[in-house]
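The values are calculated or read from the model by the stated rules, or taken from the named source; none is laboratory data. Not measured: the values here are computed from a predicted model. Neighbour counts are summed over all protein chains in view; Cβ atoms, including those assigned to glycine, are modelled from backbone coordinates with ideal geometry.
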Amino acid sequence: MTHRDLTIIITTFKSEDKIEKCLNSIDNRVKVILVENSNENNFKEKIEKKFLNVSCILSGGNLGYGKANNIGLKKTKTKFALILNPDTILDSNSLSHFFDFVKTNKDFAIAGPNQDEQIKNLDNSNFNELKPFEVKSIKGYAMFLNVEKFKDVGFFDENYFLYLEEIDLCKRIKDANKKIIVCPKINIFHYGGGSVNKKYINQIELTRNWHWMWSLFYFNKKHFGFTKALILITPKLFNAIFKILIYFILLNKKKREIYLKRMSGILNSIYGKSSWYRPTFD
């Protein structure tokens, strides 16, 4: 197991202020496929000139997390792939710990780094923090994939634009009786919610609210059926309508727009519409 057996895939969108810190933390012996969700050729040229181990693919448009990652995965020729968010920093020993992990854990499908909330949920009296353990799912900011394990499962569901793509993937992996393992020795720092330039924060907030509601209904309909998904989402729909009325009365346009987006995301998902909403930037 060497650096040549791993490809790192990073999906970016308006992430210029974060991505270089991420790339600087990656051993330059590892191939990186960076999928930029735009047609910004200047960004591609700048990144490929500065980081010789990086191949930047321009998607031509904002495809979202899952579809863009699938572009990188389809071009991966190595045994393992690491799906990585641009707002992450690898510890200096992250990859060497992964390589050590693989030597004694051949049959995993997905491996994740140390995630504190999962460790807290364990019985700490019997827990050896250096020993890998199985979980139902891991967060999508850092996912090591054993590529051959996905031949019969597929990668990300491209119907999602944002949210729950990794949970969906983990559920399909577990339903196929394959292993998801956390390796506590692997440390990858995640800023959280910081991938996109802060000047776009208002548009991103509207986008998050629309897609969280859309993805929540779609995920539950896909895995548990339309009726259960509808029962789950109905209180959220009524809450959104109530908040729209309240903020209309209070003349709070910003808050009203957020709940309008939530209502729209719910209704579009219920009606079977695609996850079409996109942020607009000047």
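Given the criterion crowded, with 17+ Cβ neighbours inside 10 Å, within 16 Å of the chain's Cα centre (by Cα) and either farther than 26 Å from Lys74 by Cα or at pLDDT 95 or above (or both), identify the matching residue among Phe144, Phe150, Phe217.
Of the residues listed, the single one that is crowded, with 17+ Cβ neighbours inside 10 Å, within 16 Å of the chain's Cα centre (by Cα) and either farther than 26 Å from Lys74 by Cα or at pLDDT 95 or above (or both) is Phe144.
Restricting to segment 46-100, what's the tally of residues that are of a type in the set (Lys, Arg) and buried (at least 21 other Cβ atoms within 10 Å of the Cβ)?
Qualifying residue count for the region: 1.
Residues are listed down the side, and each one gets a yes or a no for (1) crowded, with 18+ Cβ neighbours inside 10 Å; (2) within 18 Å of Leu206 (Cβ to Cβ):
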| residue | (1), (2) |
| --- | --- |
| Phe226 | no, no |
| Ile241 | no, yes |
| Ile258 | yes, yes |
| Lys261 | yes, yes |
| Gly265 | yes, yes |
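Read through the list (1) among the β-branched types (Val, Ile, Thr); (2) out of contact with any Gly (no Cβ under 7 Å at 6 or more places or on another chain); (3) surrounded by 15 or more Cβ atoms within 10 Å (Cβ to Cβ), then give the number of the only condition that Thr2 fails.
(3)
Give me the pairs, please: first residue somewhere in segment 191-207 and under 21 Å from Ile266 (Cβ atoms) and surrounded by 15 or more Cβ atoms within 10 Å (Cβ to Cβ), second residue anywhere and among the aromatic types (Phe, Trp, Tyr) and at pLDDT 70 or above, beta-carbon distance under 7 Å, and either six or more positions apart or on two chains.
Final answer for the pair search is Thr207/Tyr277.
Consider only pairs whose beta carbons are under 8 Å apart and that are at least six residues apart or on different chains; among these, list those whose first residue lies in segment 79-107 and is among the basic types (Lys, Arg) and whose second residue is surrounded by fewer than 21 Cβ atoms within 10 Å (Cβ to Cβ) and modelled with pLDDT under 95.
Between residues of segment 79-107 that are among the basic types (Lys, Arg) and residues that are surrounded by fewer than 21 Cβ atoms within 10 Å (Cβ to Cβ) and modelled with pLDDT under 95, the close pairs are Lys103/Met1.
Can you pull out every residue in segment 26-74 that is among the polar types (S, T, N, Q) and over 19 Å from the mean Cα position of the chain (by Cα)?
Result: Asn28, Asn39, Asn41, Asn42, Asn53, Ser55.
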